[in-house]
Amino acid sequence: MDCRSNYENQNSGSTSSKMKFEYEDESSNIEVEEDTSMCDPIDDSIVGSDKTSADYYFDSYSHFGIHEEMLKDVVRTKTYQNVIYKNSFLIKDKVVLDVGAGTGILSLFCAKVGAKHVYAIECSSMADMAQEIVKLNGFSDVITVIKGKVEEIDLPVPKVDIIISEWMGYFLLYENMLDTVLYARDKWLVKDGLVLPDKASLYLTAIEDADYKDEKIEFAPVLFIIGLNLSPGFQSFLHAIAVWNSVYGFDMSCLRKQTIMEPLVDNVDQKQIVTNCQLLKTMDISKMASGDASFTVPFKLVAERDDYIHALVAYFDVSFTKCHKLTGFSTGPRSRGTHWKQTVLYLEDVLTVCQGEAVVGSMTVASNKKNPRDLDIMLKYSVNGQRCSVSRTQCYRMR
């Protein structure tokens, strides 16, 4: 994939934005019958045991590198800062709960504008560093850092006025931190209290991405991507010997299936986008129930030009609707980059589409039953066009 590199009407597929972002600074006809083989269970003997995210989730947030990446994400951090600094009337003299505080940056923003008190909950050992940071900046009397899981700790107060959190994961819902925010909301938030941010929307589009799919999924030779001037015949020969069923002379075809079932988190060049961007779901964090984060939604992606489709791409927008001005940010490929990037779901088929033809289907999203912080995604899609007729179901797992 080339890494150089809003709310829309769900029915029309419009991509016009109504949100103010407040940070600064020639193919033969292909006939394929319905195929559900891509939904066979993932073989854990190949990809590892199911304990990964459940056992190591909090430990992973003990490492500074993760927090450094988030702090250096200008879109993310500056948006939160502007929301708090430019809407201090929401925070001043209020009791604030910071869920998943990390280094405590959001707590510091709130203390700076006059919060009555901030309770910063952090389960990882980063809580110790947050405590030191709070002390270094002279806010020990305003910010109380509490080390522990939200579901297990007791607050010194019965209720809070505001809950603030940066809970969003890859694909919006990966790591399932949203459930923790909802738990805190139901337990501690006063009636008519604020949740910041309060809206999140998930979107889907389709891209052409032959080069990356050949390199990673089909295991095309690395020689193709370093620009060597090879004859077409020799390139075909190299590709033939380098596919998964002949890797240095050994059959590794079982790995291809695992490779395509793992979504890729990467930056997508907007030039790769082939279709409209479809709004899949909007969540109101102040009102939704925990179960609302599992859903099945339809989609219709209409080709805006003649091209190939190799993958579907998901991204999300976040908004703070209670501010003086509607504020938020997008993680889409047409927006300034964030550490969330986009989530790429490679298709088993290469879809050949003409302008105006549609890929229709549905997406089912749910937490993994064994590992709730992992995410299971089932994609049903079909296209019936001039050059391509395909119907398939594929399953993916983010872990």
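In whole percents, the pair-distance distribution calculated for the stretch 121-167 from its alpha-carbon pairs, binned every 5 Å from zero, is 5, 18, 24, 30, 19, 4. Shape class of the stretch 250-399 from the alpha-carbon gyration tensor: oblate, with a/c at 1.5 or above and b/c at least as large as a/b.
Is the C-alpha gyration tensor of the stretch 55-198 telling us rounded, prolate or oblate? Criteria: a/c under 1.5 is rounded; beyond that, a/b larger than b/c is prolate, otherwise oblate.
Working: a/c = 1.26, a/b = 1.16, b/c = 1.08.
Judged from the Cα gyration tensor, the stretch 55-198 comes out rounded (a/c under 1.5).
Between 81, 107, 123, the Cα set farthest toward the positive side of the dipole of the stretch 63-132 (charges on each charged residue's Cβ, about the Cα centre) is that of 81. Computed over the alpha carbons of the stretch 154-198, Rg followed by Dmax gives 11.2, 34 Å.
At a 10 angstrom cut-off on C-beta neighbours, averaged per residue, how do the peptides 248-257, 200-209, 324-333 rank from highest to lowest? Could you put the intermediate results ahead of the total?
Details: 248-257: 11.6, 200-209: 24.5, 324-333: 20.2.
Ranking the peptides 248-257, 200-209, 324-333 by packing returns 200-209, 324-333, 248-257.
Just so you know, all these numbers are worked out from the coordinates, no wet-lab data involved. All figures in this text were calculated on a predicted structure; none of them were measured in a lab. Cβ: placed from backbone, ideal geometry, glycine included. Neighbour counts: every protein chain shown.
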